[in-house]
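S.K.: Input: one structure, supplied below.
The values are calculated or read from the model by the stated rules, or taken from the named source; none is laboratory data. Only a predicted model underlies this, so the values are computations on that prediction, with no experimental measurement involved. Here the Cβ is made from the backbone with ideal geometry for all residues, glycine too, and neighbour counts use every protein chain on show. Surface accessibility is based on the protein's heavy atoms, side chains included, excluding ligands, DNA and RNA. Shrake-Rupley method; radii C 1.70, N 1.55, O 1.52, S 1.80 Å.
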Amino acid sequence: MSTFATDIKNGDGSTVVFTLSFSFLSRDDVTVSRLEDTQSDTDTGTVLTVIQTGTPTGDEFRWEDNSTIQVGTAPTASQKLKFKRTTPDDAQIVQWDDGSYLVATDLNTSDKQWLYLIQELDDRIQVDEAGAV
């Protein structure tokens with residue numbers, strides 16, 4: 001099953017750098033969780049804490065760039081890492097004002113918010129139908 005906003009990466013005991021397959025509007029919209037072998041891909045698992053500088057340790061992670069994340073402890077072969085985008089759906093990211101100029105960046109951000117929300121909804125529907133991810 002293909003998803004738009006969730007990556008599940010199997011651990012090997014040594015890999016600590018992972019590349020995301022999805023885009024996002026803000027790094028705050030992405031959560032990283034460690035799943036134990038007894039947990040399914042739909043579980044939340046242990047949510048890792050983001051750090052801004054330094055080398056992550058334990059259940060921490062750091063952004064290397066906008067598509068690459070380094071975790072503190074490599075997941076073992078019986079663990080997985082779950083990277084999930086959750087775009088805010090409770091407010092417009094771009095507010096429009098009468099008489100303001102329409103700027104491409106604002107239009108694109110507004111459209112991406114809707115696109116990402118639709119993709120995340122599609123992922124949830126697939127989970128409900130298949131019971132995975």
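S.K.: For the chain, give the magnitude of the charge dipole about the Cα centre (Cβ charges: +1 Lys/Arg, -1 Asp/Glu; no others), in debye to the nearest 20. Display every interim value, and only then the final one.
M.R.: Values: 10 positive and 23 negative charges, 95 e Å.
Once rounded to the nearest 20, the dipole reads 460 debye.
S.K.: Answer with one residue from N66, A77, F4: the one whose Cα lies farthest towards the positive end of the charge dipole of the chain, charges on Cβ with Lys, Arg +1 and Asp, Glu -1.
M.R.: The listed residue farthest towards the positive side: A77.
S.K.: What aspartates and glutamates sit close enough to K112 to cross-link, taking a C-alpha to C-alpha distance under 17 Å and skipping anything fewer than 8 places away on the same chain?
M.R.: Partners within reach: D28, D29, D89, D90, E120, D122, D123.
S.K.: Additional query: Can you work out the accessible area per residue across the chain, with the rest of the protein chains kept in place, probe 1.4 Å, in square angstrom? Before the final figure, lay out the partial values.
M.R.: Details: 7970 Å² over 133 residues.
Per residue, the chain has an accessible area of 60 Å².
S.K.: Given a Förster distance of 22 Å, report the FRET efficiency between S14 and T46 from their Cβ-Cβ distance, rounded to the nearest 0.05.
M.R.: Step by step, r from the Cβ atoms, then E = 0.70.
S.K.: Tally up the carbon and sulfur contribution to the accessible surface of the chain as a whole percent, 1.4 Å probe, everything protein left in place.
M.R.: Values: 3780 of 7970 Å².
So the carbon and sulfur contribution to the accessible surface is 47 percent.
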